[in-house]
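The values are calculated or read from the model by the stated rules, or taken from the named source; none is laboratory data. On a predicted model such as this, the values are computed, not experimentally measured, just so you know. Quick reminder, even Gly has a Cβ in these numbers, built from the backbone with ideal geometry, and neighbours come from all protein chains shown. When the accessible area is computed, the model is the full protein with side chains, heavy atoms only, and any ligands, DNA or RNA have been set aside. Shrake-Rupley method; radii C 1.70, N 1.55, O 1.52, S 1.80 Å.
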Amino acid sequence: MRGVGFRFQDLRALFYREFLQGKAGPNSKELVHKDLTKDLGKDVPELQQLTQNFRTHAGVLGLANSVVTLLVRWFPETVDRMREETALVQGQRPVFLTATSSSDLVMHLFGSGVDETPAPGEFGAEQAILVRNQAAKVQVEAVISSGLVLTVYEAKGLEFQDVLLYNFFTDSPAPASKWRAVYEALGDEDARKPSDGTAEERSDRSGVQRSHGFSQQTHGLLDGELKNLYVGITRAKQNLWIYDEDVDRRMPMLDLWTRKGLVLPVGELSGATPEGAVDTGILELASKSTPEAWERQGRTLFNRGLYGEAQ
C-alpha cells in the first residue's frame, strides 16, 4: 500500500534476517520472538515506545487514536499494537463542517465581496488543505489565490498549524457500503441511536441498513483508507477542520466521532452546533502570512521534492 505500509515489527524482522539469522545456525528454523530473546537477547534491541506527543494536543490525538483503534480491531496484522499517544495540552476538538454546499464552504473560508460572491481566498504558510487526489487538488487550487493544497500522500512527514481535510470520504475509493462497517465497531445498540449530525443526515438514516458485519475480504479497502485518514488527521498541530460533501460516506465516521465526543459538528456556517453556539474564532480558517514565513515553508517543501508547491 503506497505510503501506509510501515510496521516496527517488519523492521525487527529485517534486523533479524540481516544480522542475527546466521548466529542461529544453518539448520535452525526461524526463531519465534521468545527463543530469539533467550538465545541472542544481548543482540536484540527492545522496542521502547514514546507515548508522549509534544507536536499536537489531545483533541487531534483523540481523533487519530480512534482511527488506530479501528485498524487494530479489523487489520491487526497490518499495524503495530502500541499504547495510545497522549498530549500535555487538551486543545480544541476538531471541527466537522457538515454543510454540504462547497460554495457555502468557500464563503465561510474567505468571506464574500460586496456582490455576495466569494472573495479571492488566501491561506497562510502554516495552513494546508489536504485532498485525496490530483483532480481534487486542481479543483481547490482554482478557488484560492494563495495557499498550500496537497494530497494526503504528499503531506506525509509534513506538519501544519491548521489543516482542512477536504472531501476525504467523497473522493474515497471505498463506497458508502464499506464505510458502514464502522457501525459494527459501535455495536448494534449504538447503531440504532440517532447521532447529533445534521437534520438531513438524521432523516436519511431511517432508510439505511445498519447491520453490516465486517470481514477483511469484503472490507479490505478500509485498511488503506483508515491509514490515509490517520495521516490526514495527524498533519494538524493546532486546528483541524473536516469538510465532506458526501453525506452517506461521511456518516459512519461522523457518527462514531460524535458519539465519542471527539469532534465538534458544525451544521451552519454561523457556528450553530447541537451543543449550541460556538466561538466563531475556531471557524476562521483563512489567515495571511508574512513573506518570510512563506520563504521558510517554500524551503521545507523544496527539500521534500515538492518543487511545484515550493514556487
### Query
Taking the stretch 63-86, which residues are assigned to a helix (DSSP H, G or I) and over 11 Å from the mean Cα position of the chain (by Cα)?
THR69, LEU70, LEU71, VAL72, ARG73, TRP74, PRO76, GLU77, THR78
### Task
Kindly list, by first and then second residue, each pair from a residue in the stretch 135-150 that is within 15 Å of ALA310 (Cβ to Cβ) to a residue that is open to solvent by 40 Å² or more (accessible area, probe 1.4 Å), limited to pairs with Cβ atoms under 7 Å and residues at least 6 apart or on different chains.
SER146/GLU122; GLY147/GLU122; LEU148/GLU309; VAL149/GLU141; LEU150/GLU309
### Task
Write out, first by first residue and then by second, each pair whose Cβ atoms fall under 7 Å of each other, whose residues are 6+ apart or on separate chains, and whose first residue, in the stretch 154-171, is open to solvent by less than 10 Å² (accessible area, probe 1.4 Å) while the second is polar (S, T, N, Q).
PHE160/GLN127
### Query
In the stretch 213-259, how many residues are acidic (Asp, Glu) and part of a loop (DSSP other than H, G, I, E, B)?
3
### Query
Just checking, how many residues over the stretch 155-182 are touching a Pro at 6+ places or on another chain (Cβ under 6 Å) and part of a strand (DSSP E or B)?
0
#### Entry: Enumeration of residues in the stretch 260-306 that are part of a helix (DSSP H, G or I), at pLDDT below 90 and small (Gly, Ala, Ser)
GLY281, ALA293
### Message
Restricting to the stretch 198-256, count the residues that are modelled with pLDDT of 80 or more, surrounded by fewer than 22 Cβ atoms within 10 Å (Cβ to Cβ), farther than 18 Å from LEU70 by Cβ and of a type in the set (A, V, I, L, M).
### Response
1
